[in-house]
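Colleague: Below is the structure I would like to discuss, written out as structure tokens.
Laboratory data are not the source of any read-out in this text; all were calculated from the coordinates shown. Quick caveat, the model's predicted, so the values are computed rather than measured. Methodologically, a virtual Cβ is constructed for each residue, glycine included, from the backbone with ideal geometry; neighbour enumeration extends over all protein chains shown.
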Amino acid sequence: ALAIFENDAADLRLRLVTHFRARPHHVNAEDVRLQQVFWNLIRNAVKFTPRGGTITIATDNNRASKERPAEIVVTVTDTGIGITPEALDRIFNAFEQGSSLINRRFGGLGLGLAISKRLVDLHGGTITAHSRGKNKGSRFILTMPTIAAPRPAGREPARAAPGTRRSLRILLVEDHDDTRRNMTRLLTALNHAVVSAADAAGALLSASRQPFDLVVSDIGLPDESGLELMRKLRSRHQLRGICLSGYGMEEDIARSREAGFSEHLTKPINFQRLEQAIENAAAHCT
Ligand code: ADP
């Protein structure tokens, strides 16, 4: 989730600081949902912190007590516009936003935190919001009960969690350096083996050297169009593809389908849509 916001944070001159201190840190959770919660908290911190601010993400542990199990505590703290005491009381309600003024300035539906809270509740955790007031920054604290580290794959096959996916060999083609780096991290974190290329020539070379299950490619490449590249990869290597495009009109989607892409994603890339697109593609890979 953090990787997704690195570019935005750099553009806004926001410092992203991490202190991952939690020792026991395994939880029983649906990873996609948990990622959605973190995504929402970090997105809000980025959205509501003016240029030059700092966002700190820290993890710690609470020891087990009579009342509570051992927990991991994740805090997302920002130095942004803060939350008034009145708004704090309602912030996890659906469609609530800090103020209509903020609403007009920042857009959004006021659903992110309500959904996050529901998801965390369903996981047996808690999420709370804290702020000393206007312009004093905000802190969101999430706790989840920890579990023992899962044993390495043994005789007992681990039950496939919902959303568990196959590891794919992915060829990533993207000319923007930061985006390529972040996407590589993201896809690797999702357990895929990623080879990246910055242009079509590099991609064709990689594909001639080793097999891939899937290509994820930008459309606007420096040497030739991602559409042309996809046609070649499809005819030469029978590859499936997901395209990343700045345009999402019907004719753009039709054009990318015609070139052989099975999925069309419009930038800025939504992490869940990308994950879903990869899962769809994986279902067709042999
Ligand atoms: P939205 O999609 O409108 O951002 P959320 O449910 O994620 O909805 O957030 C609801 C409201 O809570 C926001 O509109 C904002 O007023 C306030 N809020 C959330 N996070 C922060 C934060 N880090 N700093 C200041 N205000 C925040």
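Colleague: Fewest to most neighbouring Cβ within 10 Å: what's the order for 249, 183?
Modeller: Least to most surrounded, the residues fall as 249, 183.
Colleague: Still on this structure, I have one more. Student exercise: in the chain, how many lysine pairs 8 or more apart or on different chains have Cα atoms under 21 Å apart?
Modeller: Lysine pairs satisfying the spacing and distance rule in the chain number 4.
Colleague: Something else about it: Could you quote the convex hull projected area for the chain, Cα atoms only and averaged over all directions, in nm²?
Modeller: Quarter of the Cα hull surface area: 17.7 nm².
Colleague: Here's something else I'd like to know. In Å, what Kirkwood hydrodynamic radius results for the range 224-286 from the alpha-carbon pair distances?
Modeller: 11.9
Colleague: With an 8 Å Cα cut-off and a minimum separation of 6 or more residues, compute the relative contact order for the range 215-286 in percent.
Modeller: Worked out over the range 215-286, it gives 30 percent.
Colleague: For the range 169-286, what mean projected area does the convex hull of the alpha carbons give, in nm²?
Modeller: So the mean shadow area of the Cα hull is 6.4 nm².
Colleague: So for the range 1-84, considering every pair of alpha-carbon atoms, how many percent are separated by more than 17 Å?
Modeller: The share of Cα pairs beyond 17 Å in the range 1-84 comes to 53 percent.
Colleague: Still on this structure: Compute the helix-to-body angle for 112-122: its Cα long axis versus the longest principal axis of the chain, expressed 0 to 90° and rounded to tens.
Modeller: Once rounded, one gets 80 degrees.
Colleague: When the helices in the chain are scored as -39500 (n - 2.57) per DSSP H run of 4 or longer and the sum is shared across all residues, what 222 nm value do you end up with, to the nearest 500 deg cm²/dmol?
Modeller: Computed mean residue ellipticity for the chain: -11500 deg cm²/dmol.
Colleague: A further question follows. Using a Förster distance of 41 angstrom, determine the FRET efficiency expected from the C-beta separation of residue 136 and residue 23, and round it to 0.05.
Modeller: With a Förster radius of 41 Å, E is 0.85.
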